[in-house]
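Just so it is clear, none of the values below were taken in a lab; they were calculated from the coordinates. As the structure is a prediction and not an experimental result, all values here were calculated from the model. With ideal geometry, Cβ positions are generated from the backbone for all residues, glycine too; neighbour counts draw on all protein chains shown.
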Amino acid sequence: MTKEKYINPYTDFGFKKLFGTEMNKDLLISFLNALFNNSEKEIEDIQYLNSENLGDGSGDRRSVFDVYCTTRDGSRFIVEMQKAEQAFFKDRSVYYATTPIRQQAPKGPWNYHLENVYTVGILNFVFPDGEYPADSYRHEIKLKDVEDHHVFYDKLTFVYLEMPKFNKGEDELETMFDKWMFVLKNLYRLLERPKALQDRIFKKLFEQAEIARYSDDERWQYEESKKIFWDNYSVMETAHEKGIHEGKEIGRSEANYDAARRMKNDGMSVELIAKYTGLTTEEIGKL
């Protein structure tokens, strides 16, 4: 088996290493600009915000984001690498979006003006029941009128990328968005930087992703993160096979509990386990 040269961005360590550090914020800026492709309003700079957020009261649930940042114009971005399907994934995604909305409310008088909020979900699965066509992998969702379909509110946006559907080869990469999709899906499989990815931003990405450059502690963190990712992936795949015979919801439920037990045994925090499995903190506490 060939040893990996570059980290897997689907792992918690890998994703935050590439996109969640001040040193590499230009990688995140390039990705977001490619994702939205708005030449009239390109993101020039970002400021990272606290990715672990508590509610207003002591009994409120905690939100833990992979990456959370704001731009110069006040827009807020949540960027999440979603490793496995969850029974209430859409509910969780909407719930998380309430944090950057509520945080904009100042103390005292306020006219309720809000800046843009974006949630970006990079999904290592496809939406169930054929919700979207097989060749459609980028989905942008806003609040719309159900009758005439005009955008009722344009300041709340959800963008989901169904990564398993992206199957373009190196010679088919035409846009920056194509290139970023290819990198996210294939980085850990590559042994060298492809000729199609000669842009300066990708030169930096491959340098930052090279495992040999890391310290012993960083390599240990990555290996632990990779172990959790593959354990969880294996459990979900097993549950999928069970679901074919026993019912999808039963399979998902068993998989989430099994994955939660493994994560708990590996010392992962309750908040992160809840994030990855969709279980409540109370359910995790009983395991």
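Would you mind getting me the FRET efficiency between VAL146 and THR280? Use the beta-carbon distance for r and R0 = 35 Å, nearest 0.05.
FRET efficiency, VAL146 to THR280: 0.65.
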Next on the checklist: Given a 10 angstrom Cα cut-off, can you work out which residue in PRO133, PRO194, PRO100 is the most mobile in a GNM of the chain?
Outcome noted: PRO133
Checklist outcome for this item: Once both label points are put 7 Å beyond Cα along the C-beta direction, the GLU271-LYS227 separation in nm becomes 2.4 nm
Item to check | Calculated log₁₀ intensity ratio I(q)/I(0) where the Debye formula runs over C-alpha points of region 21-135, q = 0.14, 0.21, 0.24 Å⁻¹ | outcome: -0.70, -1.31, -1.46
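Using the number of other C-beta atoms within 10 angstrom as an exposure proxy, rank TYR153, TYR96, TYR6 with the fewest first. Mind showing how you got there, number by number?
Numbers: TYR153 11, TYR96 19, TYR6 24.
By the 10 Å Cβ count, ascending, the order reads TYR153, TYR96, TYR6.
Using a Förster distance of 22 angstrom, determine the FRET efficiency expected from the C-beta separation of ASP216 and MET23, and round it to 0.05. It would help to have the intermediate numbers written out before the result.
Working: r = 19 Å, r/R0 = 0.88.
Efficiency computed from Cβ-Cβ geometry: 0.70.
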Next on the checklist: Relative contact order for the chain: what percent, with Cα pairs under 8 Å and sequence separation of 6 or more?
Outcome noted: 21 percent
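Could you give the length gained by full extension between ASP45 and GLU172, i.e. 0.36 nm per residue of separation minus their alpha carbon distance, to one decimal place?
On the way: separation 127, 0.36 × 127 = 45.72 nm, distance 2.98 nm.
Gain on stretching ASP45 to GLU172: 42.7 nm.
Rounded to the nearest whole Å³, what is the per residue volume of the convex hull around the Cα atoms of the chain?
On the way: hull volume 50.1 nm³, N = 287.
Considering the Cα atoms of the chain, their hull volume per residue is 174 Å³.
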Item to check | FRET efficiency, ASP73 to ILE101 (Cβ-Cβ, R0 22 Å, nearest 0.05) | outcome: 0.85
Item to check | Choice from LYS165, LYS203, LYS17 with maximal GNM fluctuation in the chain (Cα, 10 Å cutoff) | outcome: LYS203
